[in-house]
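This report refers to the structure that appears directly beneath it.
Any read-out appearing in this document is the output of simple, stated calculations on the displayed coordinates, not a laboratory observation. Keep in mind that what you see is a predicted model, and the values were worked out from it rather than measured. Here Cβ is always computed from backbone atoms with ideal geometry, including for glycine, and neighbour counts include all displayed protein chains.
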Amino acid sequence: MMTRTRKITARLALGFALLTVAMVQHAYAADENSERQFVLANVEFALLHEIAHVLIWELKLPVFGREEDAADNIATIALMMTYQQTGAPMLDSLQAVADGWKLEWQLVADDEIEHAYWDLHTLEIQRYYNISCLVYGADPANRTQILEVTGLPTERAEFCQEEYNTAQQAMQWLFNQHSGTQKSSENSSRVHLVYDANPTLDGKKLDSWLRSSQIPERLAQMLDTRFDLPRDITISFARCKDPNASWDSNTSTITFCYSLMNRFLYLAREVASARATSVDGGSWNDAAYTGEPRR
């Protein structure tokens, strides 16, 4: 026969076990949501970057400097505009994009791989600081936390507002010069979305996140209705060996590799692990990632 003391002890043990399970489930859900936010923010940035290449090539936009830098700036400004319109957690999502580039730089260094200084793209760590600078420059009075978290030096930070204003003015020029509101129905282009099956590791989960987010559909509609493009464009989510996204002007196709989404998920987990063990790792919002889905 169980004594009262043992009954209480047993109930406490059971209660603690249930609480532990609940805490684990809650932590898992929070991790899932944080991973989802990180992955989708980077998917949206990568898509916008490739859409920027579409606009540069198809609309013959003047570009002074490297096209890849211009595409990054367009993607960053477009993300900020999107988040302002939808009320999404802007700083968390933009930090996820920046943190992804910083981690890629660190991984290259850890593997002792020589950096491709000759590449068309700016170095990953430079992309991290460029994005950070634009986001800070959009509202420097209220975003000093970004300087503390990123370590962006004063020598660069004092010019960030000018950099943002220049990029914002260029974006406004793009809208004013190439708005698709006047295009006729006969000449309007169509942007087609194609989804291959996703057989990758975690592919089912990633595909669910992608489809439910409606990010590709929203960006395809934006490209289709806002700009008067001269020909049809295809955005294809495909199986590829390497994690990549690219624009092919010969086939007028953006190819987004599913393996790139797997890469983003890996980076999300590495960033979360680094933030959990770092004493100085902080958020641009001066708080931990909320884990709330963006949409």
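Remark: the residue 159-residue 222 segment gains 19.6 nm on full extension, using 0.36 nm per residue and subtracting the alpha carbon distance. I'd like to know which of 49, 154, 82 lies farthest towards the positive end of the charge dipole of segment 30-277, counting +1 on Cβ of Lys and Arg and -1 on Cβ of Asp and Glu. Highest projection toward the positive end goes to 82. Taking amide H as placed 1.01 Å from N in the peptide plane, residue 240 has its amide H under 5 Å from the amide H of 258, 259, each at least 5 places away in sequence or on another chain. In this structure, the amide hydrogen of residue 193, modeled 1.01 Å from its nitrogen in the peptide plane, lies closer than 5 angstrom to those of 235, counting only residues at least 5 positions away or on a different chain.
Shown in residue order for segment 197-212 are the 3J(HN,Hα) couplings computed by the Karplus curve 6.51 cos²θ - 1.76 cosθ + 1.60 at θ = phi - 60°: 5, 9, x, 6, 4, 6, x, 5, 5, 5, 5, 5, 4, 5, 5, 6 Hz (x for Gly and Pro).
Around the amide H of residue 198, modelled in the peptide plane, lies no amide H under 5 Å away from a residue 5 or more places distant or on another chain. Taken over segment 30-277, lysine pairs spaced eight or more positions apart, or on distinct chains, with alpha carbons under 30 Å apart number 6.
Cβ crowding within 10 Å ranks 160, 240 as 240, 160, fewest other Cβ atoms first. Estimated from the Cβ-Cβ distance and a Förster radius of 35 angstrom, the FRET efficiency linking residue 211 and residue 276 is about 0.75.
Each part gets one Cα centre, and for segment 151-167 versus segment 107-131 those centres are 20 Å apart. Under the criterion of Cα pairs below 8 Å and six or more residues apart, the relative contact order for segment 30-277 equals 22 percent.
Taking a Cβ cut-off of under 15 Å around residue 196, the surrounding Lys, Arg, Asp and Glu residues balance to a net charge of +3, with basic ones at +1 and acidic ones at -1.
Remark: 263, 239, 36 ranked as 239, 263, 36, counting other beta-carbon atoms within 10 Å and listing the fewest first. Taking other C-beta atoms within 10 angstrom as a stand-in for reagent exposure, 45, 175, 227 fall in the order 175, 227, 45, fewest first. Estimated at 0.36 nm per residue, the fully extended path between residue 195 and residue 175 surpasses their Cα-Cα distance by 4.3 nm. Per-residue 3J(HN,Hα) values for segment 114-124, derived from phi via the Karplus relation 6.51 cos²θ - 1.76 cosθ + 1.60 with θ = phi - 60°, read 5, 5, 7, 5, 7, 5, 4, 8, 5, 4, 4 Hz in sequence order (x marks Gly and Pro).
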